[in-house]
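Each value in this text was obtained by applying a stated rule to the coordinates, not by laboratory testing. Keep in mind that this is a model prediction, so the values were computed, not measured. Cβ atoms come from the backbone with ideal geometry, glycine included; neighbour counts cover every protein chain shown.
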Amino acid sequence: MALLQVAQSHGVSRARLMAGSRLRADWLMHENACVPVTNLYRLIRCARDEVDNDNLGLHVGRVLHINHRDEICYVSRISCTLREVFRNFPPVSRVIGELGKLGMVRRGAEYHIVWEPVESDPVVNRFLTDMLFSYSAMNLNTLCYRPLKILGLMLSYPRPDDISELVSSYGSSRLAFSQPISAIRYSVETLDYRVVDTSVNIHDSRLAWLQEVFRSDQQTDAFTGRLKQTITLTLPVGQPTVGKIAARHNLSRRTLQRKLQERNTTFRELLEGVRRDLALHYLQDKGLSVKCTALALGYSCPEAFTHAFKAWYGKPPQAVCRR
């Protein structure tokens, strides 16, 4: 957990923090472990008291940015512009759970990254706001070739006595405190900024690699091949449904199901087959990590993907990763 990591860097005992926040060791066995919200809030308060630094959230946001570099690389591999990043980025609920709502809204010539926390406690509110905004701003700036200028920062917490680290983190952006809502402001023009193209690229030649993966389907049944391509492009943003895929092909849900029935298959079987085939392609040919492959296939976490992969191939995905 990034907060424990940062607190330890300040000389605070991990065991002391865990005891004070009533954290159980088994909750932290893997990076995607879920910690009860009440215990997380206790941990934030304990860490703040022990470290005595109001900018703890900014520090944790930086650590999260580094720890989640796989997700950043993954997003850059399926996106060409920042606009596509917002469309393709994994649902925020996977990241912040029950802590609040983080989203993007359009405001005339601007768009805002808006954060609405559930907890009203000022210590928790400031920590979460600083953490998420630091993490989000660094991610977006890393993804683009051109630097993203922040037009302004609206913060729901009161103005601190010392804002020097906030200014250092967000540049000379205009800071507004005690606002009804917290938001980072960007120009709409930045949505068309090009995303850095990583060396191993899922979107290289866009549909060319998809056509190669499903070449046999295209030759035997063009309709099934097109469906598989559509499912592949839809997977990163969540579980594809019959209705969504049918709409992409200008078909009704019933017509799509009938066409699949004529081919002695179902949508569930088709979806499972696409995931199974793509899993090997991503891990071996594209060289993606297990975490990025799980995201690309629409799984909520690597553990769910690992469970499915073992059912398909009788071994964990780590056994077939390209070295």
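Things to note:
- From phi via Karplus (6.51, -1.76, 1.60), per-residue ³J(HN,Hα) for segment 116-133 in Hz, x at Gly/Pro: 10, x, 7, 7, 9, 4, x, 5, 5, 4, 5, 4, 5, 4, 4, 4, 5, 6
- For a straight C-alpha distance cut-off of 26 angstrom, the lysines reachable from LYS310 (same-chain residues fewer than eight places away being disregarded) are LYS228, LYS286, LYS291.
- Once the Cα atoms are used to define both axes, helix 267-280 deviates from the longest principal axis of the chain by about 70 degrees.
- 19 Å tail of the calculated P(r), segment 1-53, as % of Cα pairs: 16
- nm² value of the averaged projected area, convex hull over the Cα atoms of segment 224-313: 5.7
- Gain on full stretching of the segment that runs from ILE66 to ARG16 - 0.36 nm per residue minus C-alpha separation: 15.5 nm
- Pairwise centroid distance, computed over Cα atoms, of segment 146-173 with segment 243-321, Å: 42
- Relative frequency of Cα-Cα separations exceeding 37 Å in the chain, percent: 26
- Lys, Arg +1 and Asp, Glu -1 on Cβ, resulting dipole of the chain about Cα centre, debye, nearest 20: 1040
- Sorted by Cβ neighbour density within 10 Å, fewest at the top, the residues GLU119, GLU98: GLU98, GLU119
- Note on ASN250 and LEU191: the model spin-label points, each 7 Å out from Cα along the C-beta direction, lie 2.6 nm apart.
- Using alpha-carbon coordinates, inclination of helix 69-78 to the longest axis of the chain, degrees: 40
- Computed over the chain, the per-residue total of -39500 (n - 2.57) for DSSP H runs of n ≥ 4 gives a 222 nm mean residue ellipticity of -15000 deg cm²/dmol, rounded to 500.
- Sequence of ASP221, ASP52 once ranked by neighbouring C-beta atoms within 10 Å, starting from the fewest: ASP52, ASP221
- Basic side chains Lys and Arg get +1 at the Cβ, acidic Asp and Glu get -1 at the Cβ, and with that the dipole of segment 1-53 about its Cα centre reaches some 160 debye.
- For ASN53, net neighbour charge (Lys/Arg +1, Asp/Glu -1) across residues whose Cβ lies under 15 Å away: -4
- Sorted by Cβ neighbour density within 10 Å, fewest at the top, the residues SER164, SER300: SER164, SER300
- Fully extending the segment from TRP312 to THR142 would add 57.6 nm, taking 0.36 nm per residue of separation and subtracting the current Cα-Cα distance.
- Farthest towards the positive end of the charge dipole of the chain, among the residues PHE177, GLN261, PRO117, is the Cα of GLN261, using unit charges on the Cβ of Lys, Arg, Asp and Glu.
- Residues of segment 244-280 with amide N under 13 Å of a point placed 7 Å along Cα→Cβ from THR220: 263-265
- Here the relative contact order of the chain, from alpha carbon pairs under 8 Å that lie six or more residues apart, stands at 15 percent.
- Ordering GLN5, VAL105, THR81 by Cα displacement along the dipole of the chain toward the positive end leaves THR81 in first place; charges were set at the Cβ atoms of Lys, Arg (+1) and Asp, Glu (-1).
- Here the label points at SER300 and VAL320, each 7 Å from Cα along the C-beta direction, are separated by 2.5 nm in the simple model.
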